[in-house]
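Student: Please read through the structure below; I'll follow up with questions.
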């Protein structure tokens, strides 16, 4: 049903105008805000931690904007996929170019901030020869996710539909091989799907948070640099993407691996927090992210 409705709205938008898709996105996001009280409560709690001196109405406004900004993620994906109507500016691209000139690949650590799919498309636009391997959760029952994967594959991006537990030995081996061939592996750095998933504890906004360990483990095993990558909406049909300086995970001995992975994950958490403070309304976690205990 979701697949049919999405395709119907897409067709109507091509013939009647983009206002159809924009109106549909607004109605859906408003419905989620009004009829998903637990998610709204999670968002308000998160913004209360981020803005401890602000009142409840401001926090509710933040959650309202968060829900509606998230709808714009799908609208921008539609614009890019159907009309290529997305322009962008970039910052930090030279770090990636330098690594590639050395004949090695790297790891792009993406987050549920901004628009990760537009980011993947923009990377291919920036460099058509870029070999990009994207790890995505295998949500076989989610039809819209399949549409997303199809549009990415059409852009020449290779996708591994990994299990939501993430980081199986075979996935890691394929990732190392792809990096050794000069490719870039893109992974999510801020979402833990299952309790049994390998995680690392970090400090974020003065609280404890669990992050997936796999990206940092892959950086350690491959010896490749890790880049933190964001793509934020800077205006209508406009994006700004940033790449951090390379982060390397090194451990002289096996006994030091755990600490090396923790340091890398904490460095990512620090960058994530700094970037969140600059773009607070493009944070797209709707489930609890932080531990209730403050450090």
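What follows is calculated from the coordinates using simple rules that are stated; it is not laboratory data. Nothing here was measured: the structure is a model prediction, and the numbers come from that model. Note that we place each Cβ from the backbone using ideal geometry, even for glycine, and neighbour counts take in every protein chain shown.
Student: Need one number for the stretch 69-113: average projected area of the convex hull over its C-alpha atoms, nm².
Tutor: 4.5 nm²
Student: Pairs of alpha-carbon atoms within less than 8 angstrom and 6+ residues apart define the contacts here; what relative contact order does the stretch 1-135 have, in percent?
Tutor: The value is 19 percent.
Student: Could you please rank 188, 56, 258, placing first whichever residue has the fewest other Cβ atoms within 10 Å of its Cβ?
Tutor: Listing 188, 56, 258 from fewest to most nearby Cβ atoms yields 56, 258, 188.
Student: Evaluate Rg over Rh across the stretch 1-85, taking Cα atoms for both radii and Kirkwood's formula for Rh.
Tutor: 1.09
Student: What ranking do 264, 62 get, fewest neighbouring Cβ atoms within 10 angstrom at the top?
Tutor: Fewest to most other Cβ atoms nearby, the residues stand as 62, 264.
Student: Here is a follow-up. What ranking do 86, 179 get, fewest neighbouring Cβ atoms within 10 angstrom at the top?
Tutor: Lowest count first: 86, 179.
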